[in-house]
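Before any comments, here is the structure.
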Amino acid sequence: MLNEKLQQAISEQINAEFYSAYLYLSMAAYLEDINLPGFAHWMRIQYDEEVIHTLKFFDFLIARGGRVVLKGIDAPPAEFDSVLHVFEATLQHEQHVTSLINKLYKLAKEEGDYPTEVLLQWFITEQVEEEKNAGDAVQQLRMIGDFGPGLLTMDREMAARPAAAPPAASPA
Ligand code: FEO
């Protein structure tokens, strides 16, 4: 069974992952509004991924005999300066999430909770990909420019992002 400290910390992470989902859904809405449906699709898949992350922690907490108590989710920003700004904010947010995961991992080690450590190893690997995806998009957008002719080509490429894997019904 999880101790109280870890239970609290994982509950906070559930909130942080759900905020991420909410943030990316808000970004998808903005991208639809500026007529970039491919980027909006990419961001919607990102939203799906964050819901999966949330449920991984949710299921884990229940499996370890914890009690999930959901907290309120802050409103995400609705307006952005450009598509580049959206992806810069995404990268910055993912770097923040990485620091939260690392902090959680440190706590699991200090508390000697091996199952939590194993769960978090999946998230540590996932964060490498999350930062890379956002970072690659930032680099490409800086190359083509906010309103450059390559933007529509990139929009079509972003539209090809495959659906996120469905969340597991029970903890892995
Ligand atoms: Fe759940 Fe994008 O980190």
- Dipole magnitude of the stretch 4-158 about its Cα centre, charges +1 at Lys/Arg Cβ and -1 at Asp/Glu Cβ only, in debye to the nearest 20? 400
- GNM, the chain, Cα, under 10 Å: largest mean-square fluctuation among P76, P149, P115? P149
- Task: Could I have the simple spin-label model distance between Y114 and V128, label points 7 Å from Cα toward Cβ, reported in nm to one decimal?
- Result: 2.3
- Query: Scanning the chain for helices, which whole DSSP H stretches are 24 Å or more long along the axis (Cα) and average -0.5 or more by Kyte-Doolittle?
  - Reply: 4-33, 37-63, 83-110, 114-144
- Task: Mind putting together the pair-distance distribution for the chain? All Cα pairs, 10 Å bins, whole percent per bin, short to long.
- Result: 10, 37, 31, 16, 6, 0
- Message: Can you tell me the length gained on complete extension of the stretch N35 to D74, counting 0.36 nm per residue apart and subtracting the Cα distance?
- Response: 11.4 nm
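Share of the chain's accessible area from carbon and sulfur, percent, 1.4 Å? Numbers along the way, then the final one.
On the way: 5220 of 9200 Å².
Carbon with sulfur: 57 percent of the solvent-accessible area.
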- Residues listed by number, the stretch 95-111, amide nitrogen under 18 Å from R161 label point at 7 Å toward C-beta: 95-98
- Query: Can you give me the Cα centroid spacing of the stretch 106-126 and the stretch 1-47 in angstrom?
  - Reply: 21
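The values are calculated or read from the model by the stated rules, or taken from the named source; none is laboratory data. Model, not experiment: these values are computed from the prediction. We place every Cβ from the backbone using ideal geometry, glycine too, and count neighbours over all the protein chains shown. Side chains are part of the model used for accessible areas, which takes the heavy atoms of the whole protein and leaves out ligands, DNA and RNA. Shrake-Rupley method; radii C 1.70, N 1.55, O 1.52, S 1.80 Å.
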